[in-house]
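Read-outs: derived from the displayed coordinates by stated rules, not from any lab. Quantities reported herein were computed from a predicted structural model and do not represent experimental measurements. Because the Cβ atoms are built from the backbone with ideal geometry, glycine has one as well, and the counts that use them run over all protein chains shown.
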Amino acid sequence: MIDNLDQAILDALLLNARTSYAEIAKQHGVSPATIHVRVEKMRQQGIITGAKLTVNPRALGFDVCCFIGITLARAGDYPSALKQLQALPEVVEAHYTTGQYSVFIKVFVKSIDDLQHLLIEKIQPIDEIQATETLISLQQPILRDISVAQ
């Protein structure tokens, strides 16, 4: 699927997506054109799906990160519930899961008062949602992308 050079390219870009192809090429003794071709090949294969800017939510005043486990009334309620959750800007991730919760979401809000408002006024009124359980994140000691070398 990918060889050692592809893996090295991915590692470099995961560390810093703004690393130039020339710099990666120099580190691995190949031409920048080779790096370009390899990156394009991985894009076409769906391995690389884009590059993104990372924002620190706390620097923007979003001091509360929470995970909310959601139990749906019925399994068939998932599409409708998801559509309503997608409309909430506070929801930054959603996962359809097995186990105790039907859906597990990650939210950022500026304060506990904002969290209470989100729960009471926006999430719990969704008809398809039977119950919620909220877990407040105290810190995030690990944040990384998947390692190619796993």
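Points worth noting:
- For the set Lys83/Lys110; Lys41/Lys83; Lys52/Lys83; Lys26/Lys52, the pairs lying more than 31 angstrom apart at their alpha carbons are Lys41/Lys83.
- Working from Cα pairs under 8 Å separated by at least six residues, relative contact order for the chain is 25 percent.
- Cα-centred dipole magnitude for the chain, charges only on beta-carbon of K, R (+1) and D, E (-1), debye, nearest 20: 480 debye
- Rounded to 10°, Cα long-axis angle of helix 32-44 versus longest principal axis of the chain: 40 degrees
- Derived scalar couplings between HN and Hα for the stretch 67-81 equal 10, 10, x, 10, 9, 8, 5, 9, 4, x, 7, 4, x, 5, 5 Hz in order, rounded to whole Hz, by the Karplus curve 6.51 cos²θ - 1.76 cosθ + 1.60 (θ = phi - 60°), x for Gly and Pro.
- Helical content alone sets the calculated 222 nm signal of the chain at -9500 deg cm²/dmol, taking -39,500 (n - 2.57) per DSSP H segment of four or more residues and averaging over every residue.
- Per-pair calculated FRET efficiency, R0 = 25 Å: Ser137 and Asp11 via Cβ, rounded to 0.05: 0.35
- Cut-off under 5 Å, modelled amide H: who pairs with Ser102 long-range: Ile70, Thr71, Leu72
- Net charge of neighbours whose Cβ lies under 11 Å from the Cβ of Lys83, counting Lys and Arg as +1 and Asp and Glu as -1: -2
- Local electrostatic count at Leu10 - Lys and Arg +1, Asp and Glu -1, tallied over other residues with Cβ under 10 Å: -2
- The Cβ shell under 14 Å around Ile112 holds other residues with a net charge of -3, Lys and Arg each +1, Asp and Glu each -1.
- Charge dipole of the stretch 1-77 (Cα centre as origin; +1 on each Lys and Arg Cβ, -1 on each Asp and Glu Cβ, all else neutral): 140 debye, rounded to the nearest 20.
- With respect to the chain, whose longest principal axis is taken over its alpha-carbon atoms, helix 4-15 is tilted by about 50°.
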